[in-house]
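Novice: Take this structure first; my questions come after.
Any read-out appearing in this document is the output of simple, stated calculations on the displayed coordinates, not a laboratory observation. None of the values given here were measured: they were computed from a predicted structure. So basically every Cβ, Gly included, is an ideal-geometry build from the backbone, and we count neighbours across all protein chains shown.
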Amino acid sequence: MKRSLALLLCAVAHAADVPRPEYPEPQFQRSQWMSLNGPWEFEFDDANAGQPARFTKRITVPFAFETPMSGIGDTGFHPWIWYRRSFDLPSGWSGKRTLLRFGAVDYRAWVWVNGQLAGSHEGGNTPFQFDVAGLVKTGSNTVVVKAEDPPQDRFIPRGKQYWEPKSRGIFYTRTSGIWQPVWLEAAGDSYLDKIRVTTHNDGRVRFEAKLARPAAGLELHAIVTRNGQQVARGSAAAIRDQAHLELRVLNPQLWMPATPNLYDVTYEIRRNGAAADSVASYFGFREVRVDNGRFYLNGRATYLKWLLDQGYWPQSTLTPPSDAAIKFDIEAAKEMGFNGVRKHQKLEDPRFLYWADKMGFLVSDEMANAYEYDAGYAARFTREWIEVVERDYNHPSVVMWVPINESWGVPNLSDKRQQDHLRSLYWLTRSLDATRPVVENDGWEHVDTMDLFTIHDYARDGERLYAKYKDLGKPGARIPDNGRAIWAPGFGKYEGQPFLLSEFGGIAFIPEGTRVPGDSWGYAGVEKTREDAMKRLQSLYEAIAKIPAFAGVCYTQITDVEQEVNGLLTYDRKKKFDPAAIRALNDLLQ
């Protein structure tokens with residue numbers, strides 16, 4: 001915990017030609033794969049004239065062109081951009097299907113291999129892949145990517161990426177084009193496309209597989225191990241492109257933050273006894289529910305002690321600069337006594353969720369929102385949210401879904417269409433996943449669909465916070481507004497959901513010697529001394545500890561981000577406060 005992010009970035013800067021060299025998706029890993037991270041040819045296309053005849057720039061993938069780590073660092077408006085690189089297929093891939101995979105490209109992408117269109121994808125946060133077996137050849141191959149990311153379009157999910165030229169207030173530098181890893185992998189002629197894992201704490205585990213290029217006589221096999229010892233195995237025949245299998249593990253070891261027990265599983269697609277495809281993964285036994293005003297993890301009432309985490313880094317914005325940087329943030333949060341994060345306005349890199357699974361860290365999974373509403377927005381947001389839930393369903397660390405924050409994308413909730421959009425997102429999410437609670441609109445303007453009642457309140461001190469919420473949850477007590485109405489128009493029936501203070505604090509302090517932008521700010525001003533900041537923080541925690549209705553809190557925030565300086569760490573991950581002192585405050589909350 002003595003290393004700062006500056007050291008981590010330095011290590012990355014002096015690494016080999018392949019940044020982020022680890023396998024990008026540990027929950028679905030094939031043994032034969034090749035990273036395409038590193039140097040690509042690059043060109044801006046501001047006039048949308050088409051693929052350039054000549055590429056004059058170089059970029060380091062997977063970092064967006066706006067970032068220093070990309071090697072370009074241009075934060076201007078460039079809606080259309082092009083990438084190109086060559087690769088040789090490994091000799092051992094002969095006779096295999098070649099999959100070209102992208103972690104995320106913001107916002108639209110078109111991909112060509114050897115001059116032939118492989119496919120396209122819309123949605124800046126979710127992964128996609130193309131089977132390019134019919135397009136690649138032995139020897140040298142070329143992949144070209146065009147990305148379109150309209151910098152001022154507020155009808156597309158953009159999160160905190162600002163639509164004006166310079167970041168300001170709570171909005172930050174944009175992330176355009178490829179911003180998560182790109183890689184190739186070899187699969188069988190019939191292969192696993194995806195698999196959904198649902199566990200129960202009595203040891204039952206259900207695998208629902210979807211197959212690509214299905215053929216007659218295929219079987220799904222699963223072998224479950226723990227610490228290298230087999231604990232369950234079984235098989236099921238495929239029916240067309242589906243295969244479902246349920247196994248039971250005796251005496252299952254449950255996944256908890258203190259004991260993040262995981263089970264390894266190997267999936268095989270077999271035909272006539274021979275393996276056609278194989279994927280390595282893992283899962284955990286973990287159940288969550290809300291009841292009687294509390295959040296329960298594996299049947300135990302668990303107080304949520306979370307940090308708001310926007311997932312930005314100074315040299316790479318939304319892209320984690322390294323695996324070590326991801327682990328550092330989780331370690332820092334746990335050292336301060338937090339048991340999870342509310343990932344805010346960002347679908348985080350899958351490697352973050354992998355380390356959260358491994359290290360025992362709870363995650364609220366939140367979508368990057370748009371800001372304006374129309375029918376086109378509603379359709380594209382819904383499509384991408386379905387992909388979000390599908391991508392992250394198998395992670396035991398993910399314990400909550402949050403499609404919308406503070407009415408972003410639904411700015412006029414007197415409009416019944418926008419109300420219905422919120423309600424539909426709740427029911428859609430519940431239909432996709434019955435195992436986790438859902439918050440339909442985090443912070444205010446709730447409708448009649450939510451599993452936790454979330455509140456945002458940046459009261460300056462504990463005295464004001466306590467006066468406002470001391471009667472929260474008592475019979476007949478009103479739930480206070482906070483600038484914006486706590487209920488959307490026409491709604492107001494509270495039905496006993498747990499209260500979560502999902503944004504509070506925001507105490508700004510700039511340690512001596514820390515370089516920050518001139519327009520830096522914090523909620524209720526910037527404290528001049530560490531002592532004054534800690535005094536405010538302590539008063540808030542002591543007040544919350546006296547309000548029994550709260551089932552959890554989320555402090556804003558883990559790190560400074562650009563001009564917003566209310567982090568417990570600086571933007572380059574230096575500690576502002578004694579971690580033991582923060583942990584002692586978290587210990588007040590039970």
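Novice: Anything over 27 Å Cα to Cα? Flag those among 160/535; 470/528; 535/575; 146/346, in the order listed.
Specialist: Cα-Cα > 27 Å for 160/535; 470/528; rest within.
Novice: Could you name the aspartates and glutamates in cross-link range of residue 57, using Cα to Cα under 15 Å and dropping any fewer than eight places away on the same chain?
Specialist: Within the straight-line cut-off, residue 57 pairs with 41, 43, 45, 46, 66, 74.
Novice: Mind jotting down the three principal axis lengths of the chain based on Cα atoms? Whole angstrom, largest first.
Specialist: So the extents along the principal axes, rounded to whole Å, are 70, 58, 51.
Novice: I'd like the distance separating the alpha-carbon centroids of segment 544-590 and segment 53-122, in whole Å.
Specialist: Value for the Cα centre distance between the two parts: 38 Å.
Novice: Dipole of the chain (Lys/Arg Cβ +1, Asp/Glu Cβ -1, origin at the Cα centre): which of 242, 418, 539 lies farthest to the positive side?
Specialist: Working it through, the farthest residue towards the positive pole turns out to be 242.
Novice: Could I ask something else about it? For the Cα atoms of the chain, what angle does the longest principal axis make with the long axis of helix 323-335, in degrees from 0 to 90, nearest 10?
Specialist: 30
Novice: So who's got an amide H within less than 5 Å of the one on residue 38, skipping anything under 5 residues away but keeping other chains? H placed 1.01 Å off N, in plane.
Specialist: 61
Novice: Shifting gears a bit: Taking the DSSP beta bridges in segment 295-586 as the whole, what percent of them are antiparallel, to the nearest 5?
Specialist: On the way: 6 of 37 bridges.
Just about 15 percent of them are antiparallel.
Novice: Distance in nm between label sites at residue 387 and residue 34, each 7 Å beyond Cα in the beta-carbon direction?
Specialist: Going by the 7 Å Cα→Cβ label model, 2.5 nm.
Novice: Could you tell me whether segment 306-401 comes out rounded, prolate or oblate from its Cα gyration tensor? Rule is a ≥ b ≥ c as square roots of the eigenvalues, rounded for a/c under 1.5, then prolate if a/b exceeds b/c, otherwise oblate. Write out the running numbers ahead of the final one.
Specialist: Numbers: a/c = 2.11, a/b = 1.67, b/c = 1.26.
Judged from the Cα gyration tensor, segment 306-401 comes out prolate (a/c at least 1.5, a/b above b/c).
Novice: Using helices alone, what [θ] at 222 nm do you get for the chain, with -39,500 (n - 2.57) per DSSP H run of 4 or more residues, divided over all residues and rounded to the nearest 500? Let's see the in-between values first.
Specialist: Numbers: 8 runs with 99 residues, N = 590.
Here the helix-only value at 222 nm equals -5500 deg cm²/dmol.
Novice: What residues of segment 463-507 lie in the reach of a label at residue 546, counting those whose backbone N is under 18 Å from a point 7 Å from the Cα along Cα→Cβ?
Specialist: Under cut-off, by backbone N: 463-474, 505.
Novice: Sticking with this structure for a sec: Any idea what angle helix 375-392 forms with the longest principal axis of the chain, computed on alpha-carbon atoms, 0 to 90 degrees, nearest 10?
Specialist: In the chain, helix 375-392 runs at an angle near 80 degrees to the longest axis.
Novice: Once fully extended, how much extra length lies between residue 226 and residue 470, figured as 0.36 nm per residue of separation less the alpha-carbon to alpha-carbon distance?
Specialist: On the way: separation 244, 0.36 × 244 = 87.84 nm, distance 4.70 nm.
Contour length minus Cα-Cα distance gives 83.1 nm.
Novice: For residue 499, list long-range residues whose amide hydrogen, built 1.01 Å from N in the peptide plane, is under 5 Å from its own amide hydrogen.
Specialist: Those qualifying (amide H under 5 Å, at least 5 residues apart or on another chain) are 453, 551.
Novice: With both bridge residues required to lie in segment 231-364, what share of the DSSP beta bridges run antiparallel, to the nearest 5%? Please list the in-between numbers first.
Specialist: On the way: 18 of 26 bridges.
Of all bridge pairs located within segment 231-364, approximately 70 percent are antiparallel.
Novice: Label residue 137 and residue 216 with points 7 Å out from Cα along Cα→Cβ: what is the distance between them in nm?
Specialist: In this crude spin-label approximation the distance works out to 3.5 nm.
Novice: If you don't mind, another one. List the relative contact order of segment 433-590 as a percent without decimals, with contacts defined as Cα pairs under 8 Å and 6+ residues apart.
Specialist: Numbers: 278 pairs, mean separation 38.6, N = 158.
With pairs under 8 Å counted, the relative contact order is 24 percent.
Novice: Taking amide H positions as placed in the peptide plane 1.01 Å from N, state which residues far from residue 218 in sequence (5 or more) or on other chains have amide H under 5 Å from it.
Specialist: Under 5 Å from the amide H of residue 218 lie the amide H atoms of 238, each far enough along the sequence or on another chain.
Novice: Still on this structure: Report relative contact order for segment 295-586 in percent, whole number only (criteria: Cα-Cα under 8 Å, sequence separation at least 6). Walk me through the numbers on the way to the answer.
Specialist: Values: 564 pairs, mean separation 56.4, N = 292.
Relative contact order, segment 295-586: 19 percent.
Novice: Separate question: If you take the square roots of the eigenvalues of the alpha-carbon gyration tensor of segment 216-280 and sort them as a ≥ b ≥ c, do you get rounded (a/c under 1.5), prolate (a/b over b/c) or oblate? Before the final figure, lay out the partial values.
Specialist: Values: a/c = 2.67, a/b = 2.31, b/c = 1.15.
In terms of gyration-tensor shape, prolate.
Novice: Using a ≥ b ≥ c from the Cα gyration tensor of segment 354-504 (square roots of the eigenvalues), is it rounded, prolate or oblate, where a/c under 1.5 gives rounded and otherwise the larger of a/b and b/c decides, a/b for prolate?
Specialist: Values: a/c = 1.87, a/b = 1.22, b/c = 1.53.
It is oblate, given that a/c is not under 1.5 and a/b is not larger than b/c.
Novice: Output wanted: per-residue J couplings in Hz (rounded whole) for segment 254-261, from phi through Karplus 6.51 cos²θ - 1.76 cosθ + 1.60, θ = phi - 60°, x for Gly and Pro.
Specialist: Karplus values, whole Hz, x for Gly and Pro: 7, 8, 9, x, 6, 9, x, 6.
Novice: With contacts defined as alpha carbon pairs under 8 Å and 6 or more residues apart, what's the relative contact order of the chain in percent? Present the calculation step by step, with values, prior to reporting the outcome.
Specialist: Numbers: 1426 pairs, mean separation 73.2, N = 590.
Once normalised by length, the contact order is 12 percent.
Novice: Please express the Cα-Cα pair-distance distribution P(r) of segment 295-586 as a list of whole percents, one per 10 Å bin, running from 0 to the bin with the greatest distance.
Specialist: Reading the bins upward from 0: 6, 28, 36, 24, 5, 0.
Novice: Express in nm, to one decimal, how much length is gained between residue 485 and residue 461 on full extension, taking 0.36 nm for each residue of separation and deducting their alpha carbon distance.
Specialist: 6.5 nm
Novice: If I take R0 = 25 Å and measure r between the Cβ atoms of residue 194 and residue 246 in this structure, what FRET efficiency does the formula 1/(1 + (r/R0)^6) give, to the nearest 0.05?
Specialist: Values: r = 18 Å, r/R0 = 0.71.
Step by step, r from the Cβ atoms, then E = 0.90.
Novice: In the chain, what % of DSSP beta bridges are antiparallel (nearest 5)? Intermediate values should be presented prior to the final figure.
Specialist: Numbers: 99 of 132 bridges.
Of those bridges, close to 75 percent are antiparallel.
Novice: Quick one: helix 530-545 against the long Cα principal axis of the chain, what's the angle to the nearest 10°, folded into 0 to 90?
Specialist: The answer is roughly 90 degrees.
Novice: Quick one: dipole size for segment 32-182, taken about the Cα centre, charges +1 on Lys/Arg Cβ and -1 on Asp/Glu Cβ, in debye to the nearest 20.
Specialist: Rounded to the nearest 20 debye, it is 260 debye.
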